[in-house]
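Structure record follows, encoded as structure tokens.
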Amino acid sequence: SVPFLVRLFPAVLTKFVYLNFLAFPFFMDLRQPELLLNNTISLYLTTEPGVTVGIWHTVPGSRGAEARGKDQRWYEEALADAHPVIIYLHGNGGTR
């Protein structure tokens, strides 16, 4: 019956392949990474009208003491300095 259901409802297959309805670790609010990870905040980028991408900005451990207690503006300015930025793309399933 599974192949029949997939044929009738192809969106179901997409949900089970990517599992984007699951948030792991369970019962954690990943919109507030500063509660889980040191020197990390959540930012949102508008890539085109109607499309917003959520990102986490984590500064290196060497700047950890400097980042402690800073607001979003400080993190945005840290992106503009001369230090390199590493972008990690984890794929199309899961969470940030």
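Here are the numbers for the structure shown:
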quantity: Leu35 hydrophobic (A, V, I, L, M, F, W, C) and in contact with an Asp or Glu (Cβ under 9 Å, 6 or more places away or on another chain); calculated: yes
quantity: Within region 23-43, considering residues that are open to solvent by less than 100 Å² (accessible area, probe 1.4 Å) and in contact (Cβ under 8 Å) with a residue 60 or more places away in the chain, the one nearest to Gly61 (Cα to Cα); calculated: Pro33
quantity: Residue among Thr47, Thr58 that alone is polar (S, T, N, Q), under 15 Å from Ala78 (Cβ atoms), touching a strand residue (DSSP E or B) at 6+ places or on another chain (Cβ under 8 Å) and modelled with pLDDT of 75 or more; calculated: Thr58
quantity: Residue that is at pLDDT 85 or above, small (Gly, Ala, Ser) and more than 13 Å from the chain's Cα centre (by Cα), where the choices are Ala11, Ala78, Ala82; calculated: Ala78
quantity: Residue within region 16-30 that is assigned to a loop (DSSP other than H, G, I, E, B), at pLDDT below 75 and within 11 Å of the chain's Cα centre (by Cα) present; calculated: yes
quantity: Residue within region 44-56 that is in a loop (DSSP other than H, G, I, E, B), open to solvent by 100 Å² or more (accessible area, probe 1.4 Å) and either touching a residue at least 24 places away in the same chain (Cβ under 8 Å) or of a type in the set (A, V, I, L, M, F, W, C) (or both) present; calculated: no
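The values are calculated or read from the model by the stated rules, or taken from the named source; none is laboratory data. From a predicted model like this one, the values you see are computed outputs, not experimental measurements. Backbone-built Cβ (ideal geometry, glycine too); neighbour counts: all protein chains shown. Each accessible area value is taken on the protein alone, full model and side chains, heavy atoms only, with ligands, DNA and RNA left out. Shrake-Rupley method; radii C 1.70, N 1.55, O 1.52, S 1.80 Å.
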